[in-house]
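As structure tokens, the structure follows; a few thoughts come after it.
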Amino acid sequence: MKQTLMSNFSKLGPLIGLLLIMIILSILSDNFLTVDNLLNLLRQISINALIAFGMTFVILTGGIDLSVGSILAFGSALTAGMLASGMDPLLAVLIGLLAGFAMGALNGLVITKGKVAPFIATLATMTVFRGATLVYTEGRPITGLSNSFTFEMIGGGYVFGIPFPAILMLVVFVILFFILRNTVFGRQVYSVGGNEEASILSGIKADRVKIWVYSLTGMLSVLGGIILTSRLNSAQPTAGTMYELDAIAAVVLGGTSLAGGRGRIAGTLVGALIIGVLDNGLNLLNVSSFYQQIVKGGVILLAVLLDRKSK
């Protein structure tokens, strides 16, 4: 009975926490529950949510990816550079996404074929990709991008009054939700994270699953970078700094176990909303960014402690 209650709390806890935070912020700020603010909130969380969706797959396999912020920066700079040179926007976006896929695949290869722990491997590539971004941009922002309606739509457009990045985030969520719940690959992701040795004995190619998972995460990171580039109409060489921590936090807050094999991408969406609501609400209340870090860290710590308690 107690175990069942803890299991239910583990599933519904993030959503209950999100609702409680929203109720408190709506009492403290008259502007929080306005339509404009909520739509702006959805646009703000879209980048972190996209990266966190990929991070969910990685953590479900028992891994971690610290390089997502650097991949975002390089993909953003590469796409911006091609746009500034006059390349067709759709082609530039496609090449940028493929570059993200390739960087993620490199992470997967280092981890699986090089037998390097994910933390160490992605810590190293985080530095490599950031350095490559600084070399490519020469440490300067890339401006003078395309005036294409399509590219401007990616980060700043609206469809029926809803920010396009939010729609893009929800479309990606639905696709990944389906993959995790209804495909063989989704079951293999859980299996590899739950017990890698047993999954290999049952015929699953664990290395291949991991390489695909890291590749997916790299591509989603660049997608987040393209949204950021479109919104700012420029690419910054320092973009994406510390984004990896927000992505990991969203996954943990959503109830996915850092040990792998257990978690849901729907929980990650709720986790990203919790972080976004906290940022948005604390800004509305004019709380110092220093105190915001303390509040966010405390909430994440509480989520981890509750996760351990539910085991």
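Tell me the mean residue ellipticity at 222 nm calculated for the chain from its helices only (DSSP H runs of n ≥ 4, each -39500 (n - 2.57), averaged over every residue, nearest 500).
Theoretical 222 nm ellipticity from helices: -26000 deg cm²/dmol.
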Quiz item: At a probe radius of 1.4 Å, what is the per-residue accessible area of D279, in Å² to the nearest 10?
Solution: 40
Quiz prompt | Charge sum, other residues only, whose C-beta stays under 14 Å from Q236's C-beta, Lys/Arg counted +1 and Asp/Glu -1 | solution = +2
Practice problem: Rounded to whole Hz and in sequence order, give me ³J(HN,Hα) for region 178-192 from the Karplus expression 6.51 cos²θ - 1.76 cosθ + 1.60, θ = phi - 60°, writing x for Gly and Pro. | Solution: 5, 4, 5, 8, 10, 10, 4, 4, x, 5, 5, 4, 5, 5, 4
Quiz item: Taking Cα centroids, how far is region 107-128 from region 155-179 in Å?
Solution: 31
Self-check item: With DNA, RNA and ligands ignored, accessible area of M126 (1.4 Å probe; Å², nearest 10)
Solution: 50
Quiz item: Rank R208, R262 by accessible area, highest first, at a 1.4 Å probe radius?
Solution: R208, R262
Practice problem: Report the local net charge at L245: Lys and Arg +1, Asp and Glu -1, summed over other residues whose C-beta lies under 14 Å from its C-beta. | Solution: -3
Quiz item: Where only protein heavy atoms count, and the probe is 1.4 Å, what is the accessible area per residue for the chain in Å²?
Solution: 47
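Ordering T183, T61 from largest to smallest accessible area (1.4 angstrom probe), what's the sequence? Please report the intermediate quantities before stating the final value.
Numbers: T183 35, T61 10 Å².
Per-residue accessible area, sorted high to low, gives T183, T61.
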Practice problem: Using only alpha carbon pairs under 8 Å that are at least six residues apart, calculate the relative contact order of the chain and give it in whole percent. | Solution: 35
Exercise. Round to the nearest 10 and report in Å² the accessible area of D246, as given by a 1.4 Å probe over the protein chains' heavy atoms.
Key: 50
Quiz item: So, in the chain, how many Lys pairs have Cα atoms under 30 Å apart, if the pair is 8 or more places apart or on different chains?
Solution: 20
Self-check item: Extreme residue, positive dipole direction of the chain, given options A77, G263, T34 (C-beta unit charges)
Solution: G263
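Taking a 1.4 Å probe, which of V58, V287, V135 shows the most accessible area, and what order do the others take after it?
The ordering from most to least exposed comes out as V135, V287, V58.
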Quiz item: Which net charge results for the neighbourhood of Q44, defined as the other residues with beta-carbon distances under 13 angstrom from its beta-carbon, given Lys and Arg at +1 and Asp and Glu at -1?
Solution: -1
Exercise. Quick one: check the C-alpha center-to-center distance for region 240-287 versus region 29-88, whole angstrom.
Key: 12
Quiz item: Per-residue HN-Hα couplings for region 204-211, Karplus 6.51 cos²θ - 1.76 cosθ + 1.60 at θ = phi - 60°, whole Hz, x for Gly and Pro?
Solution: 7, 7, 4, 4, 5, 4, 5, 4
Quiz item: Of all the accessible heavy-atom surface of the chain, with the other protein chains kept in place and a 1.4 Å probe, what percent is carbon and sulfur?
Solution: 68
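The values are calculated or read from the model by the stated rules, or taken from the named source; none is laboratory data. As the structure is a computational prediction, the values presented were derived from the model and not from experiment. We place every Cβ from the backbone using ideal geometry, glycine too, and count neighbours over all the protein chains shown. All accessible areas refer to the heavy atoms of the entire protein, side chains included, with ligands and DNA or RNA removed. Shrake-Rupley method; radii C 1.70, N 1.55, O 1.52, S 1.80 Å.
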